[in-house]
Amino acid sequence: MRFYTKEYYKLMMSLGAADLYEPVVDKEYSEEEIEELYQKALDKYIEEERADYDEPPEFDMDANDDPEYIEMLREELDEYENREPFDEEEAKADFEEMYKDNLEEPDEDLPEWVWKEVDPRIPAMYFLPEKVYERLVAEDEANNEKFEELDEAADDAFEDMMEDLPEEYEEIMETLVDLEDADVLGAKVEAGEVELKLDGWDEDGDEAVFTLRFDGAELIENEGLEVHCEEDEDGDAVSDCELLYSELYFEDGMPEVHMLFDNNGLKYLTLRCEEIYVYRAAE
């Protein structure tokens with residue numbers, strides 16, 4: 001990758017790391033005080049959920065002459081006025097599950113130094129000691145400035161890349177852009193042929209499976225792309241790999257593809273090939 005690099009992605013993902021957190025007194029917390037913090041976080045969560053539950057439907061003034069919209073709004077108001085009482089016990093259970101999940105899978109967007117200084121139970125409640133919080137906010141501001149510079153340079157580089165592509169590859173690059181953040185359902189990566197199966201979206205916004213095939217592939221860089229995909233309890237595909245960014249160049253008369261994946265860590269795949277084919281899988 002020449003501009004949508006690992007550095008670019010990591011910096012982007014680190015932005016606003018402090019936004020989810022609330023500062024608390026900077027001190028060593030006893031077990032009893034941790035329990036008090038937990039109760040404070042729980043009470044805050046329940047009240048926020050109650051406020052959301054009690055929020056009435058919004059009325060779109062621009063659609064006040066649309067009979068279908070008026071009828072839909074009436075139905076929503078009727079449902080709102082006849083809703084069941086807010087279930088505080090359900091909200092409590094949701095918070096407890098969220099807290100356990102946060103302990104099992106800590107926030108990856110928090111920098112490593114935070115975990116060296118903070119009891120992991122505290123950020124699991126979306127609190128941070130005040131000094132840690134203030135340092136994180138300052139780091140956010142510095143990262144934001146740095147990212148804006150990188151992002152501006154990436155925008156310029158992307159435009160240059162598109163201008164340099166032969167016309168027949170412009171549409172392929174546009175498809176690759178559309179497939180950013182798509183789950184990779186399967187991958188065949190070997191010299192001569194690379195094929196990726198991706199769970200993306202069509203031009204109507206409907207979910208669709210696409211295949212990217214690169215014939216006559218010469219692998220330039222492969223950091224060990226290895227895709228595992230299985231079905232969840234609802235029968236939906238769950239993959240451990242996601243296509244984040246792609247870049248496409250035309251070098252020495254051949255297309256050269258640069259890709260960045262999130263596959264149990266960030267991984268590059270770079271290849272040169274004879275032909276690129278993109279097609280939607282039959283339903």
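The values are calculated or read from the model by the stated rules, or taken from the named source; none is laboratory data. Quantities reported herein were computed from a predicted structural model and do not represent experimental measurements. Counting neighbours? That spans all protein chains shown, and the Cβs are built from the backbone with ideal geometry, glycine included. Remember, those area values only see protein heavy atoms, side chains included, never the ligands or the DNA or RNA. Shrake-Rupley method; radii C 1.70, N 1.55, O 1.52, S 1.80 Å.
Assuming residue 1 fulfils every condition listed in (1) under 30 Å from residue 155 (Cβ atoms); (2) in a loop (DSSP other than H, G, I, E, B); (3) open to solvent by 50 Å² or more (accessible area, probe 1.4 Å) apart from one, which condition is it?
Residue 1 satisfies all of (1) under 30 Å from residue 155 (Cβ atoms); (2) in a loop (DSSP other than H, G, I, E, B); (3) open to solvent by 50 Å² or more (accessible area, probe 1.4 Å) except (3).
Inspect all residues belonging to the stretch 93-109 and state whether any of them is in contact (Cβ under 8 Å) with a residue 60 or more places away in the chain, under 30 Å from residue 135 (Cβ atoms) and not in a loop (DSSP other than H, G, I, E, B).
The answer is yes, given that some residue of the stretch 93-109 is in contact (Cβ under 8 Å) with a residue 60 or more places away in the chain, under 30 Å from residue 135 (Cβ atoms) and not in a loop (DSSP other than H, G, I, E, B).
Taking only the stretch 185-228 into account, find how many residues are of a type outside the set (Asp, Glu), open to solvent by 60 Å² or more (accessible area, probe 1.4 Å) and farther than 15 Å from residue 257 by Cα.
4
Does residue 265 satisfy being small (Gly, Ala, Ser), modelled with pLDDT of 90 or more and surrounded by fewer than 17 Cβ atoms within 10 Å (Cβ to Cβ)?
yes
Quick check, is residue 69 of a type in the set (Ser, Thr, Tyr) and modelled with pLDDT of 95 or more?
When the stated conditions are applied, residue 69 does not pass them.
Would you confirm, using the coordinates I've provided, whether residue 51 is under 29 Å from the mean Cα position of the chain (by Cα) and surrounded by 14 or more Cβ atoms within 10 Å (Cβ to Cβ)?
In short, no.
Against the definition (surrounded by 14 or more Cβ atoms within 10 Å (Cβ to Cβ), aliphatic (A, V, I, L, M) and modelled with pLDDT under 95), how does residue 150 come out, yes or no?
No.
What pairs can you find where one residue is in the stretch 1-22 and in contact (Cβ under 8 Å) with a residue 24 or more places away in the chain, the other is of a type in the set (Val, Ile, Thr) and open to solvent by less than 40 Å² (accessible area, probe 1.4 Å), and their Cβ atoms are less than 8 Å apart, with a gap of 6+ or different chains?
1/270
Any idea which residue in the stretch 82-101 is nearest to residue 137 (Cα to Cα), counting only those that are open to solvent by less than 70 Å² (accessible area, probe 1.4 Å) and in contact with a Lys or Arg (Cβ under 9 Å, 6 or more places away or on another chain)?
Going through the qualifying residues, I end up with 99.
Output the residue which, of all residues in the stretch 225-254 that are over 20 Å from the mean Cα position of the chain (by Cα) and at pLDDT 95 or above, is farthest from residue 177 (Cα to Cα).
249
Can you tell me which residues in the stretch 237-258 are out of contact with any Cys (no Cβ under 8 Å at 6 or more places or on another chain) and in contact (Cβ under 8 Å) with a residue 60 or more places away in the chain?
242, 243, 244, 245, 246, 247, 248, 249, 250, 258
Among the numbered criteria (1) touching a residue at least 24 places away in the same chain (Cβ under 8 Å); (2) surrounded by 17 or more Cβ atoms within 10 Å (Cβ to Cβ); (3) touching a Leu at 6+ places or on another chain (Cβ under 8 Å), which single criterion is violated by residue 114?
Here residue 114 clears every test but (1).
Run down 132, 137, 189 and say which single residue is in contact (Cβ under 8 Å) with a residue 40 or more places away in the chain and more than 19 Å from residue 19 (Cβ to Cβ).
Unique residue meeting the criteria: 189.
With the structure loaded, tell me whether residue 44 is basic (Lys, Arg), modelled with pLDDT under 95 and either crowded, with 16+ Cβ neighbours inside 10 Å or within 28 Å of the chain's Cα centre (by Cα) (or both) or whether it fails that test.
When the stated conditions are applied, residue 44 does not pass them.
Can you name the number of the only condition in (1) open to solvent by less than 100 Å² (accessible area, probe 1.4 Å); (2) without any contact (Cβ under 8 Å) to a residue 60 or more places away in the chain; (3) outside any loop (DSSP other than H, G, I, E, B); (4) not β-branched (Val, Ile, Thr) that residue 79 fails?
That leaves (1) as the condition not met.
Among (1) under 30 Å from residue 26 (Cβ atoms); (2) assigned to a loop (DSSP other than H, G, I, E, B); (3) open to solvent by 60 Å² or more (accessible area, probe 1.4 Å), where does residue 58 come up short?
(1)
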